[in-house]
Amino acid sequence: MAIKTNLNNKTAIITGGSKGIGWETAKLMISDGMNVVLISRSEKLLQSRLDELGQFRRQIRIFPCDLTIPNSTEEIAKYCFSEFKVIDVLVNSAGAAKGGIFSEILDKDWEDSFNLKFFGTIRIIRSVVPYMKDQRDGRIVNVIGDTGKKPNKLMLPGSSVNAALLSLTKGLAEELGEYGIRINAVSPGPTKTERIVNMFNSLAKSTNKTIKEIEAEFLNENIIKKLADPKEIANLILFLSSDVSSNITGTTITSDGGRSKYI
Ligand SMILES: NC(=O)c1ccc[n+]([C@@H]2O[C@H](COP(=O)([O-])OP(=O)(O)OC[C@H]3O[C@@H](n4cnc5c(N)ncnc54)[C@H](OP(=O)(O)O)[C@@H]3O)[C@@H](O)[C@H]2O)c1
(Lines give C-alpha, C1' and ligand atoms only; values in the text may rest on other atoms or scores of the structure.)
Protein backbone atom coordinates (compact mmCIF):
# COMPACT_ATOMS: atom_id res chain seq x y z
CA MET A 1 0.00 0.00 0.00
CA ALA A 2 1.32 3.45 -0.90
CA ILE A 3 2.27 5.80 1.95
CA LYS A 4 -0.38 8.49 2.45
CA THR A 5 1.05 11.98 2.89
CA ASN A 6 -2.41 13.61 3.22
CA LEU A 7 -0.94 16.74 1.65
CA ASN A 8 -3.45 17.11 -1.18
CA ASN A 9 -4.95 20.66 -1.10
CA LYS A 10 -2.68 21.73 1.75
CA THR A 11 -0.80 25.03 1.41
CA ALA A 12 2.91 25.75 1.95
CA ILE A 13 4.99 28.89 2.08
CA ILE A 14 8.47 28.09 0.74
CA THR A 15 11.22 30.65 1.30
CA GLY A 16 14.05 30.32 -1.19
CA GLY A 17 11.42 28.68 -3.39
CA SER A 18 12.91 29.86 -6.69
CA LYS A 19 16.14 27.85 -6.64
CA GLY A 20 17.94 24.76 -5.38
CA ILE A 21 16.37 22.82 -2.51
CA GLY A 22 13.39 25.18 -2.18
CA TRP A 23 12.50 24.90 -5.88
CA GLU A 24 12.76 21.09 -5.87
CA THR A 25 10.51 21.06 -2.79
CA ALA A 26 7.99 23.29 -4.56
CA LYS A 27 7.80 20.96 -7.60
CA LEU A 28 7.38 17.91 -5.38
CA MET A 29 4.66 19.56 -3.27
CA ILE A 30 2.78 20.73 -6.35
CA SER A 31 2.86 17.23 -7.81
CA ASP A 32 1.43 15.98 -4.48
CA GLY A 33 -1.57 18.32 -4.95
CA MET A 34 -0.41 21.14 -2.67
CA ASN A 35 -0.66 24.89 -3.13
CA VAL A 36 2.62 26.77 -2.76
CA VAL A 37 3.64 30.38 -2.23
CA LEU A 38 7.19 30.86 -3.48
CA ILE A 39 9.34 33.52 -1.82
CA SER A 40 12.62 34.98 -3.08
CA ARG A 41 13.99 38.35 -4.17
CA SER A 42 14.10 38.02 -7.95
CA GLU A 43 10.64 38.65 -9.38
CA LYS A 44 11.93 37.76 -12.84
CA LEU A 45 13.04 34.29 -11.78
CA LEU A 46 9.84 33.67 -9.80
CA GLN A 47 7.79 34.67 -12.83
CA SER A 48 9.75 32.27 -15.04
CA ARG A 49 9.24 29.47 -12.49
CA LEU A 50 5.50 30.17 -12.64
CA ASP A 51 5.62 30.00 -16.46
CA GLU A 52 7.59 26.73 -16.28
CA LEU A 53 4.75 25.12 -14.30
CA GLY A 54 1.98 26.72 -16.37
CA GLN A 55 -0.43 23.77 -16.09
CA PHE A 56 -0.35 24.03 -12.27
CA ARG A 57 -0.78 27.83 -12.18
CA ARG A 58 -3.88 27.57 -9.95
CA GLN A 59 -1.76 25.96 -7.21
CA ILE A 60 1.09 28.49 -7.31
CA ARG A 61 1.56 32.05 -6.07
CA ILE A 62 4.76 34.05 -6.11
CA PHE A 63 5.71 36.75 -3.62
CA PRO A 64 8.97 38.54 -4.40
CA CYS A 65 10.56 39.98 -1.29
CA ASP A 66 13.79 40.34 0.62
CA LEU A 67 13.58 38.40 3.88
CA THR A 68 16.18 40.64 5.50
CA ILE A 69 13.57 43.44 5.59
CA PRO A 70 11.87 43.02 9.00
CA ASN A 71 8.20 43.56 8.05
CA SER A 72 8.36 41.41 4.91
CA THR A 73 7.38 38.23 6.75
CA GLU A 74 4.07 39.61 8.02
CA GLU A 75 3.17 40.56 4.46
CA ILE A 76 4.00 37.02 3.28
CA ALA A 77 1.75 35.39 5.89
CA LYS A 78 -1.11 37.82 5.16
CA TYR A 79 -0.77 37.21 1.42
CA CYS A 80 -0.77 33.41 1.75
CA PHE A 81 -3.81 33.49 4.01
CA SER A 82 -5.70 35.89 1.74
CA GLU A 83 -5.07 33.64 -1.28
CA PHE A 84 -5.61 30.19 0.23
CA LYS A 85 -7.35 30.85 3.62
CA VAL A 86 -4.86 28.62 5.42
CA ILE A 87 -1.12 28.21 6.10
CA ASP A 88 -0.46 24.51 6.68
CA VAL A 89 3.28 24.31 6.06
CA LEU A 90 6.25 26.66 6.25
CA VAL A 91 9.53 25.59 4.63
CA ASN A 92 12.51 27.82 5.41
CA SER A 93 15.03 27.26 2.62
CA ALA A 94 16.30 30.79 1.91
CA GLY A 95 19.91 31.11 2.88
CA ALA A 96 23.28 32.40 1.78
CA ALA A 97 26.41 32.88 3.84
CA LYS A 98 29.86 34.11 2.91
CA GLY A 99 32.55 31.44 3.02
CA GLY A 100 36.31 31.95 3.21
CA ILE A 101 39.22 32.28 5.58
CA PHE A 102 38.17 33.59 9.04
CA SER A 103 40.51 36.62 8.96
CA GLU A 104 38.97 37.80 5.68
CA ILE A 105 35.34 37.64 6.80
CA LEU A 106 34.10 41.10 7.78
CA ASP A 107 31.52 42.06 10.42
CA LYS A 108 29.12 42.86 7.59
CA ASP A 109 29.43 39.29 6.22
CA TRP A 110 28.61 37.86 9.66
CA GLU A 111 25.68 40.25 10.02
CA ASP A 112 24.34 39.42 6.54
CA SER A 113 24.47 35.68 7.26
CA PHE A 114 22.54 36.03 10.53
CA ASN A 115 20.16 38.62 9.13
CA LEU A 116 18.91 36.39 6.32
CA LYS A 117 18.92 32.83 7.55
CA PHE A 118 18.66 33.20 11.34
CA PHE A 119 16.54 36.33 11.80
CA GLY A 120 14.63 35.67 8.54
CA THR A 121 13.65 32.25 9.91
CA ILE A 122 12.68 33.62 13.32
CA ARG A 123 10.59 36.43 11.84
CA ILE A 124 8.65 34.27 9.41
CA ILE A 125 7.96 31.64 12.07
CA ARG A 126 6.64 34.44 14.32
CA SER A 127 4.43 35.67 11.45
CA VAL A 128 2.86 32.30 10.53
CA VAL A 129 2.43 30.85 14.02
CA PRO A 130 -0.72 32.88 14.89
CA TYR A 131 -2.46 31.43 11.80
CA MET A 132 -1.28 27.90 12.65
CA LYS A 133 -2.39 28.31 16.28
CA ASP A 134 -5.89 29.32 15.12
CA GLN A 135 -5.98 26.21 12.91
CA ARG A 136 -4.51 24.09 15.70
CA ASP A 137 -2.35 22.51 13.03
CA GLY A 138 0.89 23.44 11.30
CA ARG A 139 4.20 22.02 10.16
CA ILE A 140 7.46 23.97 9.97
CA VAL A 141 10.57 22.59 8.29
CA ASN A 142 13.87 24.45 8.58
CA VAL A 143 16.60 23.63 6.05
CA ILE A 144 19.71 23.89 8.22
CA GLY A 145 22.97 22.13 7.22
CA ASP A 146 25.46 19.62 8.53
CA THR A 147 27.90 22.42 9.47
CA GLY A 148 25.60 23.22 12.41
CA LYS A 149 26.94 20.20 14.28
CA LYS A 150 30.29 19.98 12.55
CA PRO A 151 31.58 23.51 11.83
CA ASN A 152 33.66 24.00 8.70
CA LYS A 153 36.62 26.38 9.17
CA LEU A 154 36.00 27.85 5.71
CA MET A 155 32.26 28.37 6.33
CA LEU A 156 32.08 29.75 9.85
CA PRO A 157 29.25 32.31 9.43
CA GLY A 158 26.99 29.62 7.90
CA SER A 159 28.10 27.04 10.48
CA SER A 160 27.27 29.42 13.35
CA VAL A 161 23.83 30.29 11.93
CA ASN A 162 23.11 26.58 11.48
CA ALA A 163 24.10 25.77 15.08
CA ALA A 164 21.73 28.49 16.31
CA LEU A 165 18.89 27.15 14.15
CA LEU A 166 19.35 23.61 15.48
CA SER A 167 18.80 25.02 18.95
CA LEU A 168 15.79 27.04 17.82
CA THR A 169 14.19 23.98 16.20
CA LYS A 170 14.55 21.85 19.31
CA GLY A 171 13.66 24.62 21.75
CA LEU A 172 10.55 25.86 19.98
CA ALA A 173 9.01 22.41 19.44
CA GLU A 174 7.77 22.25 23.02
CA GLU A 175 6.09 25.65 22.97
CA LEU A 176 4.39 25.03 19.62
CA GLY A 177 3.42 21.43 20.35
CA GLU A 178 0.43 22.28 22.51
CA TYR A 179 -1.14 24.06 19.53
CA GLY A 180 -0.71 21.08 17.21
CA ILE A 181 2.25 22.65 15.42
CA ARG A 182 5.27 20.49 14.63
CA ILE A 183 8.69 21.99 13.87
CA ASN A 184 11.55 19.93 12.44
CA ALA A 185 14.63 20.38 10.31
CA VAL A 186 16.61 18.73 7.57
CA SER A 187 20.37 19.05 7.59
CA PRO A 188 21.87 18.48 4.17
CA GLY A 189 25.53 17.87 3.47
CA PRO A 190 26.98 19.32 0.25
CA THR A 191 24.12 19.46 -2.25
CA LYS A 192 24.30 20.22 -5.97
CA THR A 193 22.68 23.67 -6.22
CA GLU A 194 23.78 27.03 -7.60
CA ARG A 195 24.81 28.00 -4.08
CA ILE A 196 27.42 25.26 -3.72
CA VAL A 197 28.80 25.86 -7.21
CA ASN A 198 29.32 29.56 -6.29
CA MET A 199 30.83 28.57 -2.95
CA PHE A 200 33.30 26.13 -4.56
CA ASN A 201 34.31 28.93 -6.98
CA SER A 202 34.98 31.43 -4.21
CA LEU A 203 36.76 28.89 -1.97
CA ALA A 204 38.96 27.88 -4.92
CA LYS A 205 39.94 31.55 -5.36
CA SER A 206 40.62 32.25 -1.70
CA THR A 207 42.66 29.06 -1.15
CA ASN A 208 44.45 28.95 -4.53
CA LYS A 209 43.05 25.47 -5.27
CA THR A 210 41.10 24.18 -8.25
CA ILE A 211 37.34 23.70 -8.04
CA LYS A 212 37.89 19.94 -8.48
CA GLU A 213 40.25 19.91 -5.50
CA ILE A 214 37.72 21.80 -3.34
CA GLU A 215 34.91 19.39 -4.33
CA ALA A 216 37.14 16.38 -3.60
CA GLU A 217 37.96 17.83 -0.14
CA PHE A 218 34.25 18.29 0.59
CA LEU A 219 33.45 14.74 -0.47
CA ASN A 220 36.48 13.21 1.22
CA GLU A 221 34.53 12.58 4.43
CA ASN A 222 31.41 11.27 2.67
CA ILE A 223 30.68 7.55 2.64
CA ILE A 224 28.50 8.08 -0.43
CA LYS A 225 30.94 9.94 -2.68
CA LYS A 226 28.65 12.39 -4.43
CA LEU A 227 27.01 15.74 -3.92
CA ALA A 228 23.41 15.26 -2.78
CA ASP A 229 20.71 15.80 -5.39
CA PRO A 230 18.39 18.60 -4.16
CA LYS A 231 15.48 16.19 -4.87
CA GLU A 232 16.82 13.92 -2.11
CA ILE A 233 16.52 16.80 0.38
CA ALA A 234 13.09 17.81 -0.98
CA ASN A 235 11.80 14.27 -0.33
CA LEU A 236 12.73 14.61 3.35
CA ILE A 237 11.06 18.02 3.57
CA LEU A 238 7.89 16.50 2.11
CA PHE A 239 8.07 13.68 4.66
CA LEU A 240 8.41 16.13 7.58
CA SER A 241 5.54 18.27 6.21
CA SER A 242 3.23 15.30 5.90
CA ASP A 243 1.13 13.14 8.20
CA VAL A 244 3.64 10.32 7.68
CA SER A 245 5.82 12.08 10.28
CA SER A 246 2.93 12.93 12.63
CA ASN A 247 4.84 11.70 15.72
CA ILE A 248 8.01 13.67 14.96
CA THR A 249 8.79 17.16 16.30
CA GLY A 250 11.93 18.99 17.43
CA THR A 251 14.01 16.62 15.33
CA THR A 252 16.67 17.22 12.71
CA ILE A 253 17.14 14.62 9.99
CA THR A 254 20.58 14.60 8.41
CA SER A 255 21.07 13.74 4.75
CA ASP A 256 24.80 14.03 4.22
CA GLY A 257 26.02 10.90 2.44
CA GLY A 258 27.33 9.59 5.78
CA ARG A 259 29.87 12.38 6.35
CA SER A 260 28.90 12.96 10.02
CA LYS A 261 30.93 10.62 12.21
CA TYR A 262 29.08 11.24 15.48
CA ILE A 263 26.13 9.19 16.79
N1 LIG B 1 23.49 23.42 -1.20
C2 LIG B 1 24.11 22.91 -0.15
O3 LIG B 1 25.15 22.25 -0.28
C4 LIG B 1 23.56 23.11 1.23
C5 LIG B 1 24.11 22.33 2.28
C6 LIG B 1 23.63 22.52 3.57
C7 LIG B 1 22.64 23.45 3.82
N8 LIG B 1 22.13 24.17 2.78
C9 LIG B 1 21.10 25.17 3.10
O10 LIG B 1 19.95 24.92 2.33
C11 LIG B 1 19.26 26.17 2.07
C12 LIG B 1 19.00 26.24 0.57
O13 LIG B 1 20.25 26.20 -0.10
P14 LIG B 1 20.33 26.05 -1.70
O15 LIG B 1 21.62 25.38 -1.95
O16 LIG B 1 19.08 25.51 -2.24
O17 LIG B 1 20.50 27.60 -2.07
P18 LIG B 1 20.25 28.38 -3.48
O19 LIG B 1 20.15 27.42 -4.61
O20 LIG B 1 21.28 29.46 -3.52
O21 LIG B 1 18.84 29.06 -3.23
C22 LIG B 1 18.70 30.05 -2.26
C23 LIG B 1 17.31 30.64 -2.35
O24 LIG B 1 17.18 31.68 -1.36
C25 LIG B 1 16.70 32.88 -1.99
N26 LIG B 1 17.22 34.03 -1.24
C27 LIG B 1 18.53 34.38 -1.05
N28 LIG B 1 18.60 35.52 -0.35
C29 LIG B 1 17.31 35.90 -0.08
C30 LIG B 1 16.73 37.01 0.60
N31 LIG B 1 17.49 37.98 1.15
N32 LIG B 1 15.37 37.10 0.67
C33 LIG B 1 14.59 36.15 0.10
N34 LIG B 1 15.09 35.07 -0.55
C35 LIG B 1 16.44 34.95 -0.64
C36 LIG B 1 17.28 32.78 -3.42
O37 LIG B 1 16.59 33.58 -4.38
P38 LIG B 1 17.04 35.12 -4.69
O39 LIG B 1 18.52 35.11 -4.79
O40 LIG B 1 16.33 35.51 -5.94
O41 LIG B 1 16.55 35.92 -3.53
C42 LIG B 1 17.01 31.30 -3.70
O43 LIG B 1 15.66 31.09 -4.04
C44 LIG B 1 20.18 27.28 2.57
O45 LIG B 1 19.74 27.74 3.82
C46 LIG B 1 21.53 26.59 2.75
O47 LIG B 1 22.29 27.15 3.78
C48 LIG B 1 22.54 24.02 1.50
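Couple of notes before you dig in:
- Just so you know, in region 162-205 the residues that are among the hydrophobic types (A, V, I, L, M, F, W, C) and part of a strand (DSSP E or B) include one that is farthest from S93 (Cα to Cα), and it is I181.
- Each residue in region 113-145 was checked for being touching a helix residue (DSSP H, G or I) at 6+ places or on another chain (Cβ under 8 Å), farther than 26 Å from G180 by Cβ and in a helix (DSSP H, G or I), and 3 pass.
- Residue in region 177-197 that is over 16 Å from the mean Cα position of the chain (by Cα), aromatic (F, W, Y) and modelled with pLDDT of 90 or more present: yes
- Evaluating F114 against the criteria (1) over 30 Å from I263 (Cα atoms); (2) more than 9 Å from the ligand (Cβ to nearest atom) leaves one unmet condition, (1).
- Residue in region 40-57 that is open to solvent by less than 10 Å² (accessible area, probe 1.4 Å) and either in contact with a Lys or Arg (Cβ under 8 Å, 6 or more places away or on another chain) or hydroxyl-bearing (S, T, Y) (or both) present: no
- Applying a threshold of 7 Å to beta carbon distances and a minimum spacing of six or more residues, or different chains, the list of pairs starting in region 227-244 at a residue that is open to solvent by less than 10 Å² (accessible area, probe 1.4 Å) and ending at one that is part of a helix (DSSP H, G or I) and within 11 Å of the ligand (Cβ to nearest atom) reads I233/I21; A234/I21; A234/E24; A234/T25; I237/T25.
- Meets criteria (open to solvent by 40 Å² or more (accessible area, probe 1.4 Å), without any contact (Cβ under 8 Å) to a residue 60 or more places away in the chain and within 16 Å of the ligand (Cβ to nearest atom)) for N220: yes
- Going through (1) open to solvent by 20 Å² or more (accessible area, probe 1.4 Å); (2) within 16 Å of the ligand (Cβ to nearest atom) one by one, V91 falls short only on (1).
- Members of region 44-60 that are under 22 Å from V128 (Cα atoms) and either within 15 Å of the ligand (Cβ to nearest atom) or small (G, A, S) (or both): L46, I60
The values are calculated or read from the model by the stated rules, or taken from the named source; none is laboratory data. Computed from a predicted structure; not experimentally measured. Heads up, the Cβs are rebuilt from the backbone with ideal geometry, glycines too, and the neighbour counts pull from every protein chain shown. These accessible areas exclude ligands, DNA and RNA; they are computed on the full protein's heavy atoms, side chains included. Shrake-Rupley method; radii C 1.70, N 1.55, O 1.52, S 1.80 Å.
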